[in-house]
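Below is one structure, written out as structure tokens, with a few remarks after it.
The values are calculated or read from the model by the stated rules, or taken from the named source; none is laboratory data. Owing to the predicted nature of the structure, the values given are computational and were not obtained by experimental measurement. Cβ sites come from the backbone with ideal geometry, for glycine too, and all protein chains shown count toward neighbours. Protein only, heavy atoms only, side chains kept; ligands, DNA and RNA dropped before computing areas. Shrake-Rupley method; radii C 1.70, N 1.55, O 1.52, S 1.80 Å.
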Amino acid sequence: MNYLIKNAEAIAGQPTACDIRIQNGIISEIGNELKSQSDEQLIDASSCVIYPGFVNTHHHLAQSALKGIPAGLNQGLGEWLASVPYTYWPHFTPELMYDAALIGLSEQLRSGVTTCADHHYLYHANTTPELEDALWQAADDLGVRLVLCRGGATVQGTHKGMLKNNIVPESIDLAIQRIDNSRQKYHQQHCNAMRRVVVSPTTIVHSCQPDDLKTYAEYARSHQLKLHSHLLEVDFDETQAQQKYGMSAVEYAHSVNWLGEDVWFAHIVQATEKDIKILGETKTGIAHCPTSNCRLGSGIAPVLAMEKAGMTVSIGVDGSASSESGSMLQEVNLSWLIHRSQFGATATNLEQCLKWSTKNGAKILGIESIGEIKIGQAADLVLYNLDHYRYHGMHERLYAPILGGEPALIKTSLVNGRILVENGQITQLDETALKYRFIQNLAKLKQKITA
Ligand SMILES: [Zn+2]
């Protein structure tokens, strides 16, 4: 389907235009008073502002089934990991995973996301491929771009969650073999990929031996795959790296070939000036997840210094078990606010936060067709409706969605020129069927935990 989007109040990155033409999924024309052609459908964007779809660079879709677990409500990262995700995920069925992914991706869509990088770590020695297949299926059914950051551990190590729940890790050979199966089945290398695979052991300090990390990096680079992991969310990574390897966590990452433009880490809250210098010089990226960092009391990532040092800053929601709103718009809003609380009212600006959540996310994932509204780019667009009492008194218009935060009022959302949200409704989601199925699957999960 071809579309002509007409009469927007404002378009991000296109200050003089109000119309966008989409042909075969690609933005073909941007301007004013564009004339409708016979083969295209008109989308009225009056009272709307248009952004490129948000690119969420760090999520855990499985956690859509693990929100607000009472045992983890007031815990820091280590205890929370042991009592929430690692207690539950070994009992996930493909059916539950599919529903959790549908919910998580729907939450992404309704908060302005069109591309989601999911850090999926539900792998152990006896994993079957169906759990992962369920994720790909959910993304395919909704039409969202999915980057599967393939997690897991090759050692049990000192990870409280692995130890407490007796999770048997994969061997490095088995992990590589399984990643390669996924790569061959799902990965698209071309610049307009709907599906990508990223090599992503759950944490580099606790999930692997140094040689495993080198093997992962070599494998990934030989197939042009990116690398991703958690790093320095809390200072436990630092103390363990010092104790086990006699160097800082960032120096350790460097020593096992895990820094560079093709690597990004979630969190990096506890980075020192020296760390930031190394990360900047190597042009390593970060997925900044401020809500989760607040929720678990981890701190505030020094992303302003990181950006200045040369790192690429992007934004992630993290899982809904530690970021219960599941909202990317909340992350962008909080990214704008939180650094001002530390460094004053000029610390961040709205344009910068939009760039972090769109163009920079696309750069980190290496999907060149998305992240900006330009001729020749894929039509991954979100129309925010400002015709509502919440916005009538809002004088700044282009950045009104970020300033206003949740709830987002999305009129239309497109991925690759296909409509995925229409008048706030997700076109491919049967909410009633999902609700009944999910409640049943969740009840089975709870039974297994209490058994
Ligand atoms: Zn995470």
(request) Report yes if LEU329 is more than 16 Å from the ligand (Cβ to nearest atom) and open to solvent by less than 40 Å² (accessible area, probe 1.4 Å), otherwise no. (result) yes
(message) Given the criteria over 24 Å from LEU337 (Cβ atoms), within 16 Å of the ligand (Cβ to nearest atom) and either modelled with pLDDT of 95 or more or crowded, with 24+ Cβ neighbours inside 10 Å (or both), does ASP275 qualify?
(response) no
(request) Give the residues of the range 305-326 that are in contact with a helix residue (DSSP H, G or I) (Cβ under 6 Å, 6 or more places away or on another chain) and more than 12 Å from the ligand (Cβ to nearest atom), sorted by residue number. (result) ALA305, MET306, ALA309, GLY310, MET311, THR312, VAL313, SER314, ILE315, GLY326
(message) Pairs please, first residue from the range 210-222 and more than 20 Å from VAL250 (Cβ to Cβ), second anywhere and aliphatic (A, V, I, L, M) and modelled with pLDDT of 95 or more, Cβ atoms under 8 Å, 6+ apart in sequence or on different chains.
(response) THR215/ILE172; THR215/ILE176; TYR219/ILE176; TYR219/ILE179; TYR219/VAL199; TYR219/LEU225
(request) Enumerate the helices (runs of 4 or more DSSP H) found wholly within the range 74-127, keeping only those where 1 or more residues are at pLDDT below 95 and among the basic types (Lys, Arg). (result) none
(message) So the check is Cβ under 8 Å with 6+ separation or different chains; which pairs have a first residue in the range 115-130 that's in contact (Cβ under 8 Å) with a residue 12 or more places away in the chain and open to solvent by less than 10 Å² (accessible area, probe 1.4 Å) and a second one that's assigned to a strand (DSSP E or B) and aromatic (Phe, Trp, Tyr)?
(response) THR115/PHE54
(request) Spot the failing condition for ARG196; the list is (1) within 16 Å of the ligand (Cβ to nearest atom); (2) assigned to a strand (DSSP E or B), and only one is missed. (result) (1)
(message) Of everything in the range 140-152, what is open to solvent by less than 10 Å² (accessible area, probe 1.4 Å), out of contact with any His (no Cβ under 7 Å at 6 or more places or on another chain) and not in a strand (DSSP E or B)? Give them in sequence order.
(response) LEU142, GLY143, VAL144, GLY152
(request) For the range 24-36, state whether one or more residues are under 27 Å from TRP356 (Cβ atoms) and of a type in the set (Ser, Thr, Tyr). (result) no
(request) Return the total of residues in the range 41-73 being buried (at least 24 other Cβ atoms within 10 Å of the Cβ) and not in a helix (DSSP H, G or I). (result) 13
(message) Let me confirm something: among THR358, THR291, THR346, THR284, which residue is among the hydroxyl-bearing types (Ser, Thr, Tyr) and open to solvent by 30 Å² or more (accessible area, probe 1.4 Å)?
(response) THR346
(request) For the range 388-415, name all the residues that are closer than 25 Å to ILE27 by Cα and part of a loop (DSSP other than H, G, I, E, B). (result) ARG397, LEU398, TYR399, ALA408, LEU409
(request) Of the conditions (1) of a type outside the set (Lys, Arg); (2) open to solvent by 20 Å² or more (accessible area, probe 1.4 Å); (3) within 16 Å of the ligand (Cβ to nearest atom), SER38 clears all except one; give me its number. (result) (3)
(message) If I filter the range 296-308 for residues that are touching a Lys or Arg at 6+ places or on another chain (Cβ under 7 Å), over 26 Å from ARG178 (Cα atoms) and either of a type in the set (S, T, N, Q) or at pLDDT below 95 (or both), do I get at least one hit?
(response) no
(request) Given the conditions (1) part of a helix (DSSP H, G or I); (2) out of contact with any Cys (no Cβ under 8 Å at 6 or more places or on another chain), report the number of the one that SER335 does not fulfil. (result) (2)
(message) When you scan the range 179-187, do you find a residue that is within 16 Å of the ligand (Cβ to nearest atom), of a type in the set (A, V, I, L, M) and either under 22 Å from LYS363 (Cβ atoms) or open to solvent by less than 10 Å² (accessible area, probe 1.4 Å) (or both), even just one?
(response) no
